[in-house]
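A.B. asks: I'd like to ask you about the structure that follows.
The values are calculated or read from the model by the stated rules, or taken from the named source; none is laboratory data. Because the structure is predicted, anything quoted here is derived from the model rather than measured. Every residue, glycine among them, receives a Cβ derived from its backbone with ideal geometry; neighbour counts consider all protein chains shown.
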Amino acid sequence: MNWLRIISAVSLALLVIPVFLLLYEGFGPLREPVGYSLNVFRSIELTLISSAIAAVASVVLFTPLSYYFARNKNSIGETLSDIPASIPHPIIGVAILVLVSPLTPFGKFLISIGINFFDSVLGLIVALTIVSAPIYIKSMQPYFQSMNIAHENYALGLGASRFRTFMSVVIPNAGRGILSASLISMSRAMSEFGSISIVAYYVLQQPFYGISPAPVLIYQYYTYYGLGAAVTASAVMILVSIAMMIVLRVVKRYPHEI
Amino acid sequence: MKRERQLIEAEVKKKLGSFYLEADVSDEDFICLTGKNGSGKTTLLNLVGGVLTPDEGCIKLNSKEITNLPIERRGVSIVTPDSYIPHLDVDRHLIWGAKIRGLTVESDYVAEVKSSLGIGFDGKVSKLSLGMRERVSLATSLISRPELILVDEALSNIDNHRDFIDAFKSLATKAKVDVIFTTQYSADSSQASHHYQLESGKSTRLF
């Protein structure tokens, strides 16, 4: 199996070398103070908060759908749910803008009640939810499939409705899966650029007025200040992402505590 | 106390891959179903319990057709070795089904069931041994008062299972709940009111 070990090591190196190179360069030779300015930390704060809310939205809105896919064969539905993850993400941004524009009745309604998606935290969260929800659904589906259906049949046989069984039997025993899938979904949301660069290039709402999400800010720094600032800001963002991954590993390692 | 009726009537056909089940069970009280592995015992119970739908035939419970009713509306509780609600502790588990059905459960009755079925332990159900879990699952089903309890190999793992079957039968008769239980041990049929044998998907009534 040595050949497999060698190929695996090379594959892993391909993935991690650019990341560690960025950390080294960002905090070493290419370090630029603007890369760890207050603006960068506010930007990371916005990204963390909006991604966390998007992950919670995925849990609330898409847990029933992933359970449905786990218990019912529905290849058309599963394919449809994959679409947001499989098309170029700027298209998602454009689609959101069209949906909430005065061109559609839904957009007219939102405008009439004063809800604005463009350059707003709400628009940012909606875009992040749409692009990360397919990851959440795909993570939860095998988890639900691995859960013993005998528990559910037993609850149903005791007279519990499908809804009661889902809420009282399935969900209380899916805590670890939900936490793990939502962290994966949050990680995906944190790295989103395509859709949010169209919907929320920056946010024009307090308390984040004028702040861009971190991936957009890193792109801005690259175009305005050059490589050094972008690499330093990237290195800071990578540290946050690594912290997220450590939390995810801990969650997966201690399955019975949740 | 015998009822003046035939509670369970199941005349069903079901094809699963190359296996073909053709069973006819019409009886009441405490019914034993024996047969080798793969003879169709679980398939028959799944058809009666609503987990599977028959290709042909019909299932009646107390003269009411339940063939196409969903599991939760049949009044039939299925108990397998994996039938339990993992996150509940024993006492909450025991009354869970009764609460779902909106029944008032006397604590004396719960105590009687616990004592008769040897449930002198506590803790989270998922942490219990298989035999202890099966005692709790069967007691929970009984306390929830369904019309019929289907026990699929959930008696075999219990210590002194023949004594347990006697106790369970006594409680079920008192609660007017009928039971169909499967077992690989033909000797267990001596404790039943009726005995059916399944062989390669065909049922035969022995008594």
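A.B. asks: Within segment A:150-190, track down each residue that is among the basic types (Lys, Arg) and crowded, with 17+ Cβ neighbours inside 10 Å.
C.D. replies: A:188
A.B. asks: Please go through segment A:25-40 and pick out each residue that is closer than 18 Å to residue A:222 by Cβ and in a helix (DSSP H, G or I).
C.D. replies: A:25, A:26, A:27, A:33, A:34, A:35, A:36, A:39, A:40
A.B. asks: Here's a follow-up. Go through segment B:27-59 residue by residue and tally those that are of a type in the set (Lys, Arg) and either at pLDDT 90 or above or surrounded by 21 or more Cβ atoms within 10 Å (Cβ to Cβ) (or both).
C.D. replies: Selection size over segment B:27-59: 1.
A.B. asks: Then there's this: Taking residue A:190, is it under 19 Å from residue A:241 (Cα atoms) and away from chain B (no Cβ under 12 Å)?
C.D. replies: Working: under 19 Å from residue A:241 (Cα atoms): yes; away from chain B (no Cβ under 12 Å): yes.
Considered against the rule, which asks whether it is under 19 Å from residue A:241 (Cα atoms) and away from chain B (no Cβ under 12 Å), residue A:190 comes out as yes.
A.B. asks: To continue, here is another question. Given the residues B:115, B:83, B:77, B:107, which is the only one that is more than 7 Å from chain A (Cβ to nearest Cβ), closer than 22 Å to residue B:161 by Cα and hydroxyl-bearing (Ser, Thr, Tyr)? I'd like the intermediate steps shown before the answer.
C.D. replies: Details: B:83 fails: more than 7 Å from chain A (Cβ to nearest Cβ); B:77 fails: more than 7 Å from chain A (Cβ to nearest Cβ); B:107 fails: closer than 22 Å to residue B:161 by Cα.
After ruling out the rest, the residue left standing is B:115.
A.B. asks: Hey, another quick one. In segment A:146-187, which residues are touching a residue at least 24 places away in the same chain (Cβ under 8 Å), within 12 Å of chain B (Cβ to nearest Cβ) and of a type in the set (Ser, Thr, Tyr)?
C.D. replies: Matches in segment A:146-187: none.
A.B. asks: Test of understanding: among A:114, A:93, which residue is over 24 Å from residue A:178 (Cα atoms) and surrounded by 13 or more Cβ atoms within 10 Å (Cβ to Cβ)?
C.D. replies: Details: A:114 fails: surrounded by 13 or more Cβ atoms within 10 Å (Cβ to Cβ).
The match here is A:93.
A.B. asks: Does residue A:204 count as within 14 Å of another protein chain (Cβ to nearest Cβ) and over 26 Å from residue A:82 (Cβ atoms)? Lay out the reasoning, then the answer.
C.D. replies: Values: within 14 Å of another protein chain (Cβ to nearest Cβ): no; over 26 Å from residue A:82 (Cβ atoms): yes.
No: the conditions fail for residue A:204.
A.B. asks: Another one. Any residue at all in segment B:171-188 that's of a type in the set (Lys, Arg) and over 16 Å from the mean Cα position of the chain (by Cα)?
C.D. replies: No: zero hits.
A.B. asks: Is it the case that segment A:233-241 has a residue that's surrounded by 15 or more Cβ atoms within 10 Å (Cβ to Cβ), part of a loop (DSSP other than H, G, I, E, B), in contact (Cβ under 8 Å) with a residue 24 or more places away in the chain and touching a helix residue (DSSP H, G or I) at 6+ places or on another chain (Cβ under 7 Å)?
C.D. replies: Within segment A:233-241, none of the residues are surrounded by 15 or more Cβ atoms within 10 Å (Cβ to Cβ), part of a loop (DSSP other than H, G, I, E, B), in contact (Cβ under 8 Å) with a residue 24 or more places away in the chain and touching a helix residue (DSSP H, G or I) at 6+ places or on another chain (Cβ under 7 Å).
Here's the yes/no breakdown for (1) touching a residue at least 40 places away in the same chain (Cβ under 8 Å); (2) of a type in the set (Ser, Thr, Tyr); (3) outside any helix (DSSP H, G or I); (4) touching a helix residue (DSSP H, G or I) at 6+ places or on another chain (Cβ under 6 Å):
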site	(1), (2), (3), (4)
A:4	no, no, no, no
A:12	no, no, no, no
A:46	yes, no, no, no
A:50	yes, yes, no, yes
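A.B. asks: Evaluate segment A:126-138: report whether one residue or more is surrounded by 24 or more Cβ atoms within 10 Å (Cβ to Cβ), within 14 Å of chain B (Cβ to nearest Cβ) and in contact with an Asp or Glu (Cβ under 7 Å, 6 or more places away or on another chain).
C.D. replies: no
A.B. asks: Can I ask one more? Does residue A:32 count as among the charged types (D, E, K, R) and in contact with a Gly (Cβ under 6 Å, 6 or more places away or on another chain)? Steps first, please.
C.D. replies: Values: among the charged types (D, E, K, R): yes; in contact with a Gly (Cβ under 6 Å, 6 or more places away or on another chain): yes.
Answer is yes for this residue.
A.B. asks: Tell me, yes or no, whether segment B:48-69 has at least one residue that is within 9 Å of another protein chain (Cβ to nearest Cβ), within 20 Å of residue B:183 (Cβ to Cβ) and not in a strand (DSSP E or B).
C.D. replies: Our first condition is that a residue be within 9 Å of another protein chain (Cβ to nearest Cβ); within segment B:48-69, this holds for B:49-51.
Imposing the further condition that a residue be within 20 Å of residue B:183 (Cβ to Cβ) reduces the set to B:49, B:51.
After this cut, where a residue has to be not in a strand (DSSP E or B) as well, the list is B:49, B:51.
Looking through segment B:48-69, at least one residue is within 9 Å of another protein chain (Cβ to nearest Cβ), within 20 Å of residue B:183 (Cβ to Cβ) and not in a strand (DSSP E or B).
A.B. asks: Another one. All but one of (1) in contact (Cβ under 8 Å) with a residue 60 or more places away in the chain; (2) away from chain A (no Cβ under 14 Å); (3) assigned to a helix (DSSP H, G or I) hold for residue B:33; state the number of the condition that does not hold.
C.D. replies: (3)
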